[in-house]
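Student: Input: one structure, supplied below.
The values are calculated or read from the model by the stated rules, or taken from the named source; none is laboratory data. Computed from a predicted structure; not experimentally measured. A quick note on method: Cβ atoms are made from the backbone with ideal geometry, for glycine too, and the neighbour counts reach across all protein chains shown. Keep in mind that these areas ignore ligands, DNA and RNA; they rest on the heavy atoms of the full protein, side chains included. Shrake-Rupley method; radii C 1.70, N 1.55, O 1.52, S 1.80 Å.
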Amino acid sequence: MPVKNRFAELHDEITAWRRDIHEHPEILFETHRTSALVAEKLKDFGCDEVVTGLGRTGVVGIIKGQKADSGKVVGLRADMDALPIHEQTGLDYASKTAGAMHACGHDGHTAMLLGAARYLAETRNFNGTVAVIFQPAEEGGGGGKVMCDDGLMERFGIQEVYGMHNWPGMPQGQFAIRPGAFFAATDKIEILVEGKGGHAAKPHETVDPSVMAAHLLTAVQTIASRNADPTEQLVVSVTSMETSSHTFNVIPSSVKMIGTVRTLSPEMRDLAEARLQALCESFGPAFGGKITLNYERNYPVMVNHPDQTEFAAEVARSVSGQCEDAPLVMGGEDFAFMLEERPGAYILVGNGDTAAVHHPEYNFNDEAIPAGCSWWAGVAEQRMPL
């Protein structure tokens, strides 16, 4: 694979950084150790500026090229946070924190961008400025939005922004991308079903919320199957139901349901919310109870910009000789917030035949490091050539 020779030389060192981060996972905005490690290394690399505390625990390093008269500023973003999962890999460098692990490869993303930053600070073989962005709280905390709200783009004059994610099941070191909608909007739903509890032997004296919840759960499935255009993408999943009673002979007074809605267009998002609201409003009175919906719009659809997507694919082909068409992904990604602020693109790099992300046996494939580092460095050098 025609990766940059410097990353082959640095491979063992970058791997050691990655495994150290893996061993000490931190969740959401609590990436204090990781952020400090990142900031220290960026300073050691000789970055022109290192800013901490952006987006609470985010870190940004600024690297100026041999020339800067192009006026171009390109952002490269990696996420740093782990997941609240208990690791089951049995690795020598497995998580030392109970109930937390890097089950999505953000340790690898951080290490690869650090490797690219070291190379770019050494060579500065570009005309412009690179902002390396290390973001907390991608896994549900909206850290990308918080960094943008803190003035990330304006403060550093970022004009374009690029991100990357490892992809299990895709050959190690290969790339895939698609223009337009790529990752889904990820909305949260909470439904409170209220009835009248009582003795399980006297259901006629109650308004059973479990029955209401069961009928509602079935009806919710019709939103995708009967209300949505079959050519559109829509997922409505109720993922948990909990009653107010846990005793075998008591009909509960309420049931709490939670779940998620995934869509790839504003129209489907509006449809899902409207239909959920209509079902809740009608099923409650129909059964003599009350159903309340709390619909929270979370991460938006992540949309790759066409020109930047084609450029990102060209860089990938220069690294690995190929770049495939990526599938639509119904998972969410808060890089979407950065792509709403500035044009850019998000690419997948193959993690090989490994466990899926968010699985307790997942591990980032260190053999993908040279390809990932080379792509990030290539984005800077090819977007801002000397």
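Student: Report the label-to-label distance for residue 98 and residue 12 in nanometres (one decimal), using points 7 Å from each Cα along the Cα→Cβ vector.
Tutor: Distance between label points: 3.6 nm.
Student: Here's something else I'd like to know. Which one, 368, 181, 278, has the greatest fluctuation when you compute a Gaussian network model over the chain with C-alpha springs under 10 angstrom?
Tutor: Highest fluctuation among the options: 278.
Student: Quick one: give the max-minus-min coordinate of the C-alpha atoms of the stretch 175-307 along each principal axis, largest first, in Å.
Tutor: Cα spread of the stretch 175-307 along its principal axes, largest to smallest: 66, 26, 19 Å.
Student: Sticking with this one: Consider just the alpha-carbon atoms of the stretch 278-386 and return their Rg together with their Dmax, both in angstrom.
Tutor: When restricted to Cα atoms, the stretch 278-386 yields Rg and Dmax of 20.6, 72 Å.
Student: Enumerate the amide H contacts of residue 91 below 5 Å, restricted to partners 5 or more residues apart or on another chain; note that Pro and chain-start residues carry no placed amide H.
Tutor: none
Student: For residue 353 and residue 232 in one chain, what is 0.36 nm times their gap in residues minus the Cα-Cα distance, to one decimal in nm? Walk me through the intermediate numbers first.
Tutor: On the way: separation 121, 0.36 × 121 = 43.56 nm, distance 3.00 nm.
In short, 40.6 nm is gained.
Student: Give a residue-ordered list of calculated ³J(HN,Hα) values for the stretch 154-161 (Karplus: 6.51 cos²θ - 1.76 cosθ + 1.60, θ = phi - 60°; whole Hz; x for Gly, Pro).
Tutor: 6, 4, 9, x, 5, 9, 9, 9
Student: Can you work out ³J(HN,Hα) from phi for every residue in the stretch 68-83, in order, using Karplus 6.51 cos²θ - 1.76 cosθ + 1.60 and θ = phi - 60°, giving whole Hz and x for Gly and Pro?
Tutor: Each residue of the stretch 68-83 in turn: 9, 6, 5, x, 7, 10, 10, x, 10, 10, 10, 9, 10, 7, 9, 10 Hz.
Student: Another question, then. With a sphere of radius 12 Å drawn around the Cβ of residue 234, what net charge do the other residues whose Cβ falls strictly inside it have (Lys, Arg +1; Asp, Glu -1)?
Tutor: -2
Student: Per-residue ellipticity at 222 nm for the chain, helices alone: DSSP H runs ≥ 4 residues times -39500 (n - 2.57), over residue total, nearest 500 deg cm²/dmol?
Tutor: -11000 deg cm²/dmol
Student: In the Gaussian network model of the chain, springs joining C-alpha atoms below 10 Å, which of 176, 98, 39 carries the largest mean-square fluctuation?
Tutor: 98
Student: Which of 207, 349, 303 moves the most in a Gaussian network model of the chain with Cα springs under 10 Å?
Tutor: 207
Student: Got a sec? Which residues in the stretch 184-211 would a label at residue 256 touch, if it sits 7 Å along Cα→Cβ and we count backbone N under 16 Å?
Tutor: 188-195, 210
Student: What distance in nm separates the two pseudo spin-label positions at residue 20 and residue 270, each 7 Å out from Cα along the beta-carbon direction?
Tutor: Distance between label points: 5.1 nm.
Student: What is the magnitude of the charge dipole of the stretch 1-112 about its Cα centre, with +1 placed on the Cβ of each Lys and Arg, -1 on the Cβ of each Asp and Glu, and no other charges, expressed in debye to the nearest 20?
Tutor: Values: 13 positive and 17 negative charges, 86 e Å.
Its charge dipole is roughly 420 debye.
Student: If you bin the C-alpha pair distances of the stretch 1-142 every 5 Å from 0, what whole percents do you get?
Tutor: In whole percents, the pair-distance histogram is 2, 11, 20, 21, 19, 14, 9, 4, 1, 1, 0.
Student: How far, in degrees from 0 to 90, does helix 209-222 lean away from the longest principal axis of the Cα atoms of the chain, to the nearest 10?
Tutor: Its long axis makes an angle of about 50 degrees.
Student: Calculate, in nm to one decimal, what residue 318 and residue 125 gain on full extension: separation in residues at 0.36 nm each, minus their alpha carbon distance.
Tutor: In short, 67.8 nm is gained.
Student: Beta carbons within 10 angstrom, averaged per residue: use that to sort the peptides 108-114, 44-50, highest first.
Tutor: Sorting 108-114, 44-50 by mean packing, highest first, produces 108-114, 44-50.
Student: What's log10 of I(q)/I(0) for the stretch 148-250 at q = 0.10, 0.16 Å⁻¹, Debye sum over Cα points only, no solvent?
Tutor: Those come out to -0.62, -0.94, one per q.
Student: Helix 306-320 against the longest principal axis of the chain: what's the angle in degrees, Cα atoms only, rounded to the nearest 10?
Tutor: 60 degrees
Student: For the chain, how many pairs of lysine residues have a Cα-Cα distance under 22 Å, where the two are 8 or more positions apart or belong to different chains?
Tutor: 14
Student: Along the stretch 243-260, what does the Karplus equation 6.51 cos²θ - 1.76 cosθ + 1.60 (θ = phi - 60°) give for ³J(HN,Hα), rounded to whole Hz, x for Gly and Pro?
Tutor: These are the phi-based 3J(HN,Hα) values: 8, 6, 10, 10, 10, 5, 10, 10, 7, x, 8, 8, 9, 9, 10, 10, x, 9 Hz.
Student: Please work out the Cα convex hull volume for the stretch 102-165 and give it in Å³ per residue.
Tutor: Residue-normalised Cα hull volume stands at 89 Å³.
Student: Quick one: helix 32-45 against the long Cα principal axis of the chain, what's the angle to the nearest 10°, folded into 0 to 90?
Tutor: Tilt of helix 32-45: around 20 degrees.
Student: Roughly speaking, to the nearest percent, how much of the chain's 1.4 Å accessible area is carbon and sulfur?
Tutor: Answer for the chain: carbon and sulfur cover 49 percent of the accessible area.
Student: Based on the Cβ-Cβ distance of residue 249 and residue 325, what FRET efficiency does E = 1/(1 + (r/R0)^6) give at R0 = 56 Å, to the nearest 0.05?
Tutor: 0.45
Student: Send over a whole-number figure in Å² for the accessible area per residue of the stretch 262-386, probe 1.4 Å.
Tutor: 39 Å²
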